[in-house]
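**Student:** First the structure, which I've put down as structure tokens, then a few questions once you've had a look.
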Amino acid sequence: MVLIFIDIAEDGNVKKSSLEALTYGAQLAKQLGVEAQGVVLAPATEDLSALGKYGVSKIHQVKNDSLKYFDAQVYAKVLAQAVEQSGATVVVFSNNTDGKAVAPRLSARLKAGLVAGAVALPETSNGFAVKKSVFSGKAFANVNITTPVKIISLNPNAFKIEEGTGTAEVVELNATVDAPKVKVTAVKKQSGEVPLAEAEIVVSGGRGLKGPENWGILEDLARELHAGLACSRPVADAHWRPHNEHVGQTGGAIAPNLYIAVGISGAIQHLAGVNRSKVIVVINKDAEAPFFKAADYGIVGDLFEVLPKFTEAVKQL
Ligand code: FAD
């Protein structure tokens with residue numbers, strides 16, 4: 001059986017990246033000729049039985065106040081029990097922030113091989129070879145998992161969500177839940193209205209913006225496009241923007257449908273986190289900026305002139 005970890009967002013809905021993992025897990029189960037099931041730990045507001053339309057027959061739900069806020073250690077221990085009780089042989093996560101934290105812990109607990117950052121369904125005719133991107137997206141590797149239980153985390157935006165019909169049976173799973181070592185006293189939304197990892201469109205700013213006081217023009221465009229906000233590392237290091245917006249080799253890795261880079265030079269360490277974007281638009285006053293080599297569309301010009309016009313044009317659409 002293939003068990004898919006379903007990540008719940010702060011609003012109680014299933015995260016888009018988990019819907020991708022659900023589709024992926026259901027298709028993998030079909031390929032293996034086994035059932036696909038899901039597991040939900042955080043409190044969800046949406047009707048979980050409706051997740052059957054993504055191809056899962058059953059949803060295991062653990063109801064416990066200690067699971068309200070994501071805690072990788074607590075979650076890993078509960079998920080290990082879910083795997084043992086359900087008899088799952090493959091566990092699928094999204095390789096999003098939560099998946100990155102919990103999948104390796106589950107892998108260590110179960111002594112199960114893990115491939116993080118899968119980009120396609122595994123080749124299962126002779127073994128279990130999972131394709132993943134390596135060297136910051138410059139190459140692919142096929143990694144064979146040989147342990148009885150196998151864990152895969154799927155890169156966000158690497159797999160298309162597919163809906164069919166059907167409902168899932170929702171069952172309560174009895175599990176021992178530890179009290180988290182970290183007590184959450186308040187939850188604050190740090191920045192842009194659209195969470196970066198879930199955003200279809202991302203507007204990103206670099207040192208070219210000169211200072212935090214100029215971010216308003218970037219926020220205007222992001223609002224019009226319903227986009228998430230990101231930034232280069234020096235911008236976060238200088239505290240112009242919070243660190244959760246920093247993308248690149250040492251920051252978040254994102255793969256939106258559209259990435260708009262404003263006043264960012266395009267250093268290789270920055271590209272490492274954004275080069276899986278489907279379409280890249282670069283706005284830079286220096287025609288020789290390296291980012292233009294990775295761009296699908298480029299505007300050579302002063303961002304302080306270009307950006308307001310860009311936003312105005314978007315408003316007219
Ligand atoms: P700059 O390189 O200073 O570029 C600013 C750009 O803005 C220039 O191209 C300039 O032409 C343009 N510009 C200036 N004024 C205007 C204007 N008025 N209108 C239009 N364009 C304008 N960086 C990351 O981003 N993410 C990482 O994860 C990361 N990890 C790193 C890890 C290591 C080990 C190292 C060594 C470096 C890492 N870096 C990372 C840093 C990276 O090498 C670059 O230094 C950084 O990405 C540059 O940020 P920037 O493009 O905002 O700034």
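The values are calculated or read from the model by the stated rules, or taken from the named source; none is laboratory data. None of the values given here were measured: they were computed from a predicted structure. FYI the Cβ positions are ideal-geometry reconstructions off the backbone, even for glycines, and counts take in every protein chain you see.
**Student:** Could you figure out which of (1) surrounded by 22 or more Cβ atoms within 10 Å (Cβ to Cβ); (2) modelled with pLDDT of 95 or more; (3) of a type in the set (S, T, N, Q) isn't true of Ser277?
**Tutor:** The failed condition is (2).
**Student:** Quick one: what pairs do we get from the range 191-218, first residue among the acidic types (Asp, Glu) and assigned to a helix (DSSP H, G or I), second more than 11 Å from the ligand (Cβ to nearest atom) and modelled with pLDDT under 95, C-beta under 7 Å, 6+ apart or different chains?
**Tutor:** As it stands, the answer is Glu198/Lys15; Glu198/Lys16; Glu198/Ser17, since those pairs meet every condition given.
**Student:** Show me the helices (runs of 4 or more DSSP H) found entirely inside the range 219-317 where at least 1 residues are more than 11 Å from the ligand (Cβ to nearest atom) and of a type in the set (Asp, Glu).
**Tutor:** Values: elements: 233-237, 268-274, 291-294, 303-316.
Because the criterion is at least 1 residues that are more than 11 Å from the ligand (Cβ to nearest atom) and of a type in the set (Asp, Glu), the helices (runs of 4 or more DSSP H) in the range 219-317 that meet it are 303-316.
**Student:** Would you call Glu213 of a type outside the set (Ser, Thr, Tyr) and either farther than 29 Å from Val40 by Cα or within 16 Å of the ligand (Cβ to nearest atom) (or both)?
**Tutor:** Working: of a type outside the set (Ser, Thr, Tyr): yes; either farther than 29 Å from Val40 by Cα or within 16 Å of the ligand (Cβ to nearest atom) (or both): yes.
Here the answer is yes, as Glu213 does meet what is asked.
**Student:** Sticking with this one: Just to be sure I understand the filter: pairs with C-beta atoms under 6 Å, separated by 6 or more residues or on different chains, first member in the range 239-261 and β-branched (Val, Ile, Thr), second member more than 10 Å from the ligand (Cβ to nearest atom) and at pLDDT below 95. Which pairs pass?
**Tutor:** Val247/Ile254
**Student:** Still on this structure, please answer the following. Kindly indicate whether any position in the range 171-188 is free of Cβ contacts under 8 Å to residues at least 12 places away in the same chain, within 24 Å of Val14 (Cβ to Cβ), charged (D, E, K, R) and more than 16 Å from the ligand (Cβ to nearest atom).
**Tutor:** yes
**Student:** Please pick out the residue among Thr167, Thr176, Thr146, Thr185 that is in a loop (DSSP other than H, G, I, E, B), at pLDDT below 95 and not hydrophobic (A, V, I, L, M, F, W, C). Reasoning before the result, please.
**Tutor:** Values: Thr167 fails: at pLDDT below 95; Thr176 fails: at pLDDT below 95; Thr146 fails: at pLDDT below 95.
Matching residue, one of Thr167, Thr176, Thr146, Thr185: Thr185.
**Student:** So for the range 169-178 (the condition being small (Gly, Ala, Ser), out of contact with any Gly (no Cβ under 7 Å at 6 or more places or on another chain) and closer than 27 Å to Val247 by Cβ), does at least one residue qualify?
**Tutor:** Here is the first cut: in the range 169-178, the ones small (Gly, Ala, Ser) are 175.
Retained after the next criterion (residues that are out of contact with any Gly (no Cβ under 7 Å at 6 or more places or on another chain)): 175.
Next, from what is left, pick out any that are closer than 27 Å to Val247 by Cβ: none.
No, there is no match, as no residue in the range 169-178 is small (Gly, Ala, Ser), out of contact with any Gly (no Cβ under 7 Å at 6 or more places or on another chain) and closer than 27 Å to Val247 by Cβ.
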